Amino acid sequence: MEWDWDFVWQIMPTLLEGFKITILATILGAAVAMVVGLALAIARRSPVAAISRAVGFVSEFIRGTPLLVQLYFIFYVLPDIGIRLSPLTAGVIGIGIHYATYTAEVYRAGIENVSRGQWEAAKATNLTTRQAWIHVILPQAIPPMIPALANYFIAMFKETPLLSAITVLELMNQAKSIANSNYRYIEPMTLVGIFFLVISLVSVVGLRRLEERYARMDD
Amino acid sequence: ADDKLEQLKEQGFARIAIANEPPFTAVGADGKVSGAAPDVARVIFEKLGVKEVVASISEYGAMIPGLQAGRHDAITAGLFMKPERCNAVAYSEPILCDAEAFALKKGNPLKLTSYKDIADNPNAKIGAPGGGTEEKLALEAGVPRDRVIVVPDGQSGIKMLQDGRIDVYSLPVLSIHDLIAKAKDPNLETVAPVVNAPVYCDGAAFRKQDVALRDAFDVELKKLKESGEFAKIIEPYGFSAKAAMSTSREKLCAAAK
Amino acid sequence: MSVWSGYLTLILQGALVTLELTIMGSALALVMAFLAGLGRLSRFFALRALATAYIEFFRGTSIFVQLFWVYFVLPFAGLTLTPLQAGVLALGLNVGAYGAEVVRGAVKAVGREQSEACIALNLSRYQRMRHVILPQALPLMLPTFCNNAIELLKGTAVVSLISLTDMTFQAQVVRAQTGNTLVPFAAILILYFLMASAISAAMRLLERRMTRGLDGMRT
Amino acid sequence: MPAPIIRIDNIVKRYGPLTVLDGLSMNVMPGEKLALIGPSGSGKTTILRILMTLETISGGHIEVDGEQLYHMPGGSGLVAADERHLHRMRGKIGMVFQHFNLFPHKCVLDNVTLAPMLTKGIKRPQAEKRAMELLDMVGLADKAKSVPAQLSGGQKQRVAIARALALSPKIMLFDEVTSALDPELVEEVLNVMRRLASETDMTMLLVTHEMGFAHDFADRVLFFDRGKIVEEGRPGDIFRNPTQERTQIFLRKIIAAGHRV
Amino acid sequence: MPAPIIRIDNIVKRYGPLTVLDGLSMNVMPGEKLALIGPSGSGKTTILRILMTLETISGGHIEVDGEQLYHMPGGSGLVAADERHLHRMRGKIGMVFQHFNLFPHKCVLDNVTLAPMLTKGIKRPQAEKRAMELLDMVGLADKAKSVPAQLSGGQKQRVAIARALALSPKIMLFDEVTSALDPELVEEVLNVMRRLASETDMTMLLVTHEMGFAHDFADRVLFFDRGKIVEEGRPGDIFRNPTQERTQIFLRKIIAAGHRV
Ligand SMILES: Nc1ncnc2c1ncn2[C@@H]1O[C@H](COP(=O)(O)OP(=O)(O)OP(=O)(O)O)[C@@H](O)[C@H]1O
Ligand SMILES: Nc1ncnc2c1ncn2[C@@H]1O[C@H](COP(=O)(O)OP(=O)(O)OP(=O)(O)O)[C@@H](O)[C@H]1O
Ligand SMILES: [Mg+2]
Ligand SMILES: [Mg+2]
């Protein structure tokens, strides 16, 4: 089977349609992951052992099981208890929660990476705990988190093809349906690969910039 | 080209692509493959001297690319003959024939009886297997892409219908009957056959370069049909042997351009 | 009841395939991780370039896309793989690319000081790597390797989409046969989680054995 | 005779099975300059950290400026201090750390003004005016807008001193404030501390390995070993005629290692 | 008069735009004990690292034991040294680092035997016998089976010395070998070095901030400043009557900071 340029141009608009959905899903998923991740990180620090242990177990469960199966679960099982989400919503929530368990770790590490000396200096200068968080700990914890968070968002982007399994018409699904109706896999699949490669290479370059920019300041 | 058959005999099995869409194809609780299409294929391959068939389940859309890529030796899955498919693969003579049907909510609230009806109702969403005949019929009738939902399997189709994600799920008549029977859901009903949709027949599909194998398959298929054994295999599944015997590949492949 | 036990057998058969994929994929990933990770640290430009290209390519495109590519496009280049081979190849190469960065990071984390001590003791490049750097880098790699192995386990679910009869695939079959969605999916979620926990436990054991006597090691 | 500003009474401090301070008692007079010396691990840092409430105690009582530090009146006697009580007590004490612990994301001036503005509600103009006076005193008025990463170790430590002084504590704690510094930079920090010692009547507790400086700086020297005070006295006496064998051994080692006494 | 064992000729070392060594030349005689002193950043460490071939040079030549270090004969003159040449030259030189750089995953004995076994093909029994002699000399024969994490800093550094000696180099380089140690532990390391200096005729180069020790140890002292040798001479002369102003300032600061000369 030969590579067919005419075919490529013919399918490009359809693929771009799918690409838009892919980007949309990534951005919305990232937003969910950021917010839910913070909630998980805070719950993890809860002084109530039951809460922090339960949150820990659930996070570990989510991280130990495939996103694909979780998506099936959200899409096909939840309606039985009356929660019927549109495919895109189900996908965004699924991928967002899955990655929230990762971003929660980023938040946690970021906070723990601020040295103990900083907490002690805050105490020695008589700041309250709240003041220490706001003025000393968080301003130092957040910048180094940004590259790590961005890293997960790139990973999330690369997992959006899974949404095709719950009928979201994103890039991969468009490509498959083109392939199915034309009996040609080479062009659509290769193009999808190139789309992903280009976006990730560009984001990796961006990520390195971020990392340099937020390279830890030292005392 | 006879080497293909020789090669299959030698390795002792043929790799066939199936779907999991009773009664055309089915996988039992024990993992055993059954269904009308594989049963016919199994008997014929046996007569050709190929002891076994090894089945792999595939999406309809992936079957022809998979065949071309050499992943399967034949497709026996209820993949209906259509002119453009006839160009892509070498079909045997017809085996299983069926019309199209809809599964929909009790009372057919949107009053859908044909693919055209779906195209005309901007709120109607149809579910169909990706790369299958029904998807094509819907698109050809003018249903826009975003209202044709690609459904991975029959069970998902019924589930999505029950959940209200789609308004109609379309498959061949026997498949729909099978699903509705299993679902035991009083809130579902069927439209069968779909108005203005043709009756289709499938055949075993081979690679273009394996015409010789196909021809050998046809010889055995003909004998099977004549001996009445053919009817014995497919009629318990609900298919009509007469329908298959009253038409031919030539007619079906040349049909409505 | 007897029907369910039949379906359970089906899922357990799938679990076996999932295990097989995970083990063979991890083995390939491990080999690739060391080849590419050390390749990237090589003195020779060609090796570095090759390793970098491999790593960026496989990290840049989605496992999903890679799998479809291996399964549907590679045959036209004359290489037809069984679904199992395709799955192992795609998963192994993909996770191997991530592992390569772990190897590289760990080797670098052992630090310039250790390799300078080796130079001062006149050890050759190979001796440095073999006797000093790798023995210290290995324990550093383990935790991340553990995560990678779990990611790989999760990735195996995706191969159900190229009709490999793994656990997720069999759950779909059971679902199609029985019309019940909750039971098969809940069952495999638990099985996946058990497998992931087993991987973690095994790695922790290994880690403890490897770091014995290394406590307080500075990195 | 005035009352002690710090009364440490039978303090016990354990880390798990390890008893670091074992029934330690000592008093410090207002304005007194105290040097704590002794071998590594003897508990010098621990006692400063306890005074700064960076640790908890396992037993005993501490009174600072007439009030209990870790306890407060409640019920029919004393109860464990709550965060509010600790906050008020911390206002009396400042500390300078071995590794400076400056806030790396804030400029020198903001390092010094942050706490007065937040904890005492002082407005920015006044806080900055006072901060500039303090920076001037430690010789770093021209670095007000630099961030810590741009400073040398000696400069960082002088900023840390200014930061602690900005809260005008009654008691200052110094924990090996020069031992993380290059030898050349030690003197600039010690000079600041000398001035501080002679010009203010703050109470100061100093942990140090610089025997020469301890000698000049302190009114009284405490020699610690294994969580106890083994010997104490005026610097001249302790350094020249230590009565305890452990003190003698320690001083001999330090001198051999090239430190001037 | 014998030929110098090290001839450094017009060495230039740059890091990007920063010139760290600027046309430095010096010779070292066989058996000579040399102390390199000078302020932070003056290039003392750099010159040792260059001799150990841990850096590249930007210009100049170095001859060690009659052979070019960074060059070798080739073509019609000299070409850059290849790995094999460097390997042979490194066999003549040993180095002890400020942070010990012991191999944390190997026990003390294996730390010492590793290099002789690998680079000289010495069999384990002989290597261990020699290693035990060396460990005995540094007073650590009883720690042979400990891993570095179980040792104190001073013990680690003594192991590092034994490890370097195990290859019997002609030249030993010591870079601030005591400055990462607690003051009390300095002396045990210096004692080992004193013995080494008096008992062997190895050539030794020592970078240190311990002026007292430099005084006792060295035949000759070089004072570095900004990548140049500002002054050199016998220790007595340099420390008591430095002729250069920069040397005087440096020594005054060091003394003020409490180091004995
Ligand atoms: N957080 C901790 N957990 C366990 N043990 C600790 C902790 N902090 C200190 N210690 C132990 O308490 C003892 C006293 O420590 P401390 O830091 O007070 O000694 P020090 O006199 O300041 O010594 P140095 O001169 O080395 O600073 C030591 O044995 C130390 O190991
Ligand atoms: N890898 C490097 N990259 C850039 N600059 C370097 C590097 N290593 C050293 N330098 C610079 O070279 C100069 C000389 O450093 P060197 O370590 O030789 O000084 P030194 O005399 O040993 O100082 P110290 O007493 O602080 O150890 C310094 O300005 C240092 O910042
Ligand atoms: Mg201390
Ligand atoms: Mg140096």
Discussion item. Quick check on the range C:28-43. Is at least one of its residues within 14 Å of chain A (Cβ to nearest Cβ), within 21 Å of A:Phe196 (Cβ to Cβ) and open to solvent by less than 30 Å² (accessible area, probe 1.4 Å)?
Written reply: no
Worksheet entry | Number of positions in the range B:68-88 that are facing another protein chain (nearest Cβ under 9 Å) and either assigned to a loop (DSSP other than H, G, I, E, B) or not polar (S, T, N, Q) (or both) | 6
Worksheet item: Here are some residues: D:Val177, D:Val230. Which one is open to solvent by 10 Å² or more (accessible area, probe 1.4 Å), outside any helix (DSSP H, G or I) and away from ligand 4 (no atom under 16 Å from the Cβ)?
Response: D:Val230
Worksheet item: Of the residues in the range A:54-113, how many are within 15 Å of C:Ala196 (Cα to Cα) and of a type in the set (Phe, Trp, Tyr)?
Response: 2
Item to complete: Could you list all residues from the range B:168-206 that are more than 22 Å from B:Val143 (Cβ to Cβ), open to solvent by 40 Å² or more (accessible area, probe 1.4 Å) and either without any contact (Cβ under 8 Å) to a residue 40 or more places away in the chain or touching a strand residue (DSSP E or B) at 6+ places or on another chain (Cβ under 8 Å) (or both)?
Response: B:His177, B:Ala181, B:Lys182, B:Lys184, B:Asn187
Worksheet item: What residue, among those in the range D:219-241 that are small (Gly, Ala, Ser) and over 20 Å from E:Glu184 (Cβ atoms), is nearest to ligand 2 (Cβ to nearest atom)?
Response: D:Gly236
Response to the item:
Of the residues in the range E:1-40, those that are within 16 Å of ligand 4 (Cβ to nearest atom) and away from chain D (no Cβ under 14 Å) come to E:Lys13, E:Tyr15, E:Leu18, E:Val20, E:Leu21, E:Leu24, E:Leu34, E:Leu36
Response to the item:
The condition of being within 14 Å of chain A (Cβ to nearest Cβ), within 15 Å of ligand 3 (Cβ to nearest atom), open to solvent by less than 20 Å² (accessible area, probe 1.4 Å) and touching a strand residue (DSSP E or B) at 6+ places or on another chain (Cβ under 6 Å) holds, among D:Val96, D:Val64, only for D:Val96
Worksheet item: Regarding B:Ala41, is this residue open to solvent by less than 10 Å² (accessible area, probe 1.4 Å) and assigned to a loop (DSSP other than H, G, I, E, B)?
Response: no
Worksheet, complete the sentence: Among the residues of the range D:1-39, the number that are exposed (fewer than 13 other Cβ atoms within 10 Å of the Cβ) and either under 13 Å from the mean Cα position of the chain (by Cα) or within 16 Å of ligand 3 (Cβ to nearest atom) (or both) is 2
Worksheet item: Out of the residues in the range D:47-56 that are over 20 Å from D:Ala197 (Cβ atoms) and open to solvent by less than 20 Å² (accessible area, probe 1.4 Å), which is nearest to ligand 4 (Cβ to nearest atom)?
Response: D:Ile50
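Hey, could you check the range D:198-211 for residues that are more than 16 Å from ligand 3 (Cβ to nearest atom) and open to solvent by 10 Å² or more (accessible area, probe 1.4 Å) and say which is nearest to the other protein chains (Cβ to nearest Cβ)?
The extreme case among them is D:Met202.
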Worksheet item: So which residues in the range E:203-212 are more than 16 Å from ligand 4 (Cβ to nearest atom) and modelled with pLDDT of 90 or more, if there are any at all?
Response: E:Thr203, E:Met204
Fill in: Filter result (surrounded by 20 or more Cβ atoms within 10 Å (Cβ to Cβ), more than 21 Å from C:Ala53 (Cα to Cα) and touching a residue at least 40 places away in the same chain (Cβ under 8 Å)) within the range C:87-125
C:Gly87, C:Val110
Item to complete: Return yes or no: is C:Phe169 modelled with pLDDT of 90 or more, in contact with a helix residue (DSSP H, G or I) (Cβ under 8 Å, 6 or more places away or on another chain) and among the aromatic types (Phe, Trp, Tyr)?
Response: no
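Rundown of residues vs (1) away from ligand 2 (no atom under 16 Å from the Cβ); (2) touching a Cys at 6+ places or on another chain (Cβ under 9 Å); (3) closer than 20 Å to D:Pro169 by Cβ; (4) among the acidic types (Asp, Glu), yes/no style:
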{"residue": "D:Glu63", "(1), (2), (3), (4)": "yes, no, yes, yes"}
{"residue": "D:Ser76", "(1), (2), (3), (4)": "yes, no, no, no"}
{"residue": "D:Met89", "(1), (2), (3), (4)": "yes, no, yes, no"}
{"residue": "D:Val108", "(1), (2), (3), (4)": "yes, no, yes, no"}
{"residue": "D:Thr113", "(1), (2), (3), (4)": "yes, no, yes, no"}
{"residue": "D:Gly121", "(1), (2), (3), (4)": "yes, no, yes, no"}
{"residue": "D:Gln126", "(1), (2), (3), (4)": "yes, no, yes, no"}
Discussion item. Any residue at all in the range A:192-215 that's assigned to a helix (DSSP H, G or I), hydroxyl-bearing (Ser, Thr, Tyr) and within 14 Å of chain B (Cβ to nearest Cβ)?
Written reply: no
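If I filter the range B:153-168 down to residues being in a loop (DSSP other than H, G, I, E, B) and within 7 Å of another protein chain (Cβ to nearest Cβ), which single residue comes out as nearest to C:Phe169 (Cα to Cα)? Let's see the steps before the verdict.
Filtering the range B:153-168 down to residues in a loop (DSSP other than H, G, I, E, B) leaves B:153, B:163-167.
Cutting the leftovers down to within 7 Å of another protein chain (Cβ to nearest Cβ) gives us B:153, B:163-164.
Details: B:Asp153: 12, B:Asp163: 23, B:Gly164: 25 Å.
Among those residues, the one meeting the criterion is B:Asp153.
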Worksheet item: Do the conditions hold for D:Leu190, that is, is it within 14 Å of chain E (Cβ to nearest Cβ) and within 16 Å of ligand 1 (Cβ to nearest atom)?
Response: no
Worksheet, complete the sentence: From the option list D:Arg195, D:Arg252, single residue qualifying as assigned to a helix (DSSP H, G or I), surrounded by fewer than 15 Cβ atoms within 10 Å (Cβ to Cβ) and in contact (Cβ under 8 Å) with a residue 40 or more places away in the chain is D:Arg195
Discussion item. I'd like to check something: does the range E:70-92 contain any residue that is under 22 Å from the mean Cα position of the chain (by Cα), within 15 Å of ligand 4 (Cβ to nearest atom), within 12 Å of chain C (Cβ to nearest Cβ) and closer than 22 Å to E:Met193 by Cβ?
Written reply: no
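The values are calculated or read from the model by the stated rules, or taken from the named source; none is laboratory data. Quick caveat, the model's predicted, so the values are computed rather than measured. Glycine also receives a Cβ, built like all others from the backbone with ideal geometry; neighbour counts cover every protein chain displayed. For accessibility, only protein heavy atoms count, side chains too; no ligands or nucleic acids. Shrake-Rupley method; radii C 1.70, N 1.55, O 1.52, S 1.80 Å.
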